[in-house]
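Written below as structure tokens is the structure these notes are about.
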Amino acid sequence: YRVGAGRNEIEARRPEILEVKGQRIAYLSYHADPAVAAIAGKAGSNATTNAAVIEDITALRSDVDWIVVNYRWTGELGTTPEPTQIDLSQSAVEAGADLVVGYHPHQIQGAELYQGRPIVYALGDFIFQENPLDDRDTAALRVSLNNYQMKVEFLPVPIRQAQPRAAEGEQGEAILQQIRQASQPLSEPLHFPTI
């Protein structure tokens, strides 16, 4: 499956729709840098504009059970989401997205519940090309769907000498605490796991 890129703008904007146990899940992906955008006759990514995101979600809403939106942000080092990240993510939820997940910042940026739907701004990197052996903490996001309910939880993952491993006990709790702290400045921090 692929989403968020294509040989032209039409392909790049195309959602991926999967049917799992009778539920239809649509995935949309956007990139915040217009310099790499797909256009007529040029391959690239699905450029992020608020109007396009709202249009895409609105077009899908009545045909699917769930809509997941991914954003690739441009800032790499920010520990908090930029105002544009918050605006784009909340606009996606207002348009009908059920889950919004951002990526590319190298830091954990926290998560919030907005209008009853989760937004995860950034989980940090796993292995980063420029500094592959740098130790860091991050998390994976697990989303479970059951009887038209969504359960969201974070799985703590420390990276040591370029090796990701699941964390448990005190180490795992320390990583989850980082996510909680990063979420505190947000309007309604996401408590997890949440349904």
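The values are calculated or read from the model by the stated rules, or taken from the named source; none is laboratory data. Just so it is clear, the structure is predicted and the values come from calculations on it, not from any experiment. For neighbour counting, all protein chains shown are included, and Cβ atoms are generated from backbone atoms with ideal geometry for every residue, glycine included. Just so you know, the surface numbers come from the protein's heavy atoms only, side chains and all, with ligands and any DNA or RNA stripped out. Shrake-Rupley method; radii C 1.70, N 1.55, O 1.52, S 1.80 Å.
Please give the net charge around Pro105, taking every other residue with its beta carbon less than 13 angstrom from that of Pro105, where Lys and Arg add +1 and Asp and Glu add -1. Net charge in that neighbourhood comes out at -1.
As a check on your grasp of the helix formula, calculate [θ] at 222 nm for the chain: sum -39500 (n - 2.57) over DSSP H runs of n ≥ 4, divide by the residue count, round to the nearest 500. Value at 222 nm, helices only: -7000 deg cm²/dmol. Annotation: extensible slack from Gln171 through Asn146 equals 6.0 nm (criterion: 0.36 nm per residue apart, minus Cα-Cα distance). On a per residue basis, the convex hull of the C-alpha atoms belonging to the chain measures out at 127 Å³. Here the chain exposes an accessible surface that is 50 percent carbon and sulfur, computed with a 1.4 Å probe and the other protein chains kept in place.
Using C-alpha pairs under 8 Å with a sequence gap of at least 6, the mean separation divided by the residue count of segment 1-88 gives a relative contact order of 29 percent. Fully extending the segment from Glu188 to Asp87 would add 34.9 nm, taking 0.36 nm per residue of separation and subtracting the current Cα-Cα distance.
Between Gln23 and Gln181, full extension at 0.36 nm per residue minus the direct alpha carbon distance yields a gain of 53.5 nm.
Using every pair of distinct Cα positions in segment 67-155, the Kirkwood expression returns a hydrodynamic radius of 13.7 angstrom.
The mean accessible area for residues of segment 1-100, using a 1.4 Å probe and ignoring ligands and nucleic acids, is 51 Å² per residue.
Here the relative contact order of the chain, from alpha carbon pairs under 8 Å that lie six or more residues apart, stands at 14 percent.
Which value results when the Cα radius of gyration for segment 1-115 is divided by 2.2 N^0.38 Å?
Normalised by 2.2 N^0.38 Å, the Cα Rg of segment 1-115 equals 1.04.
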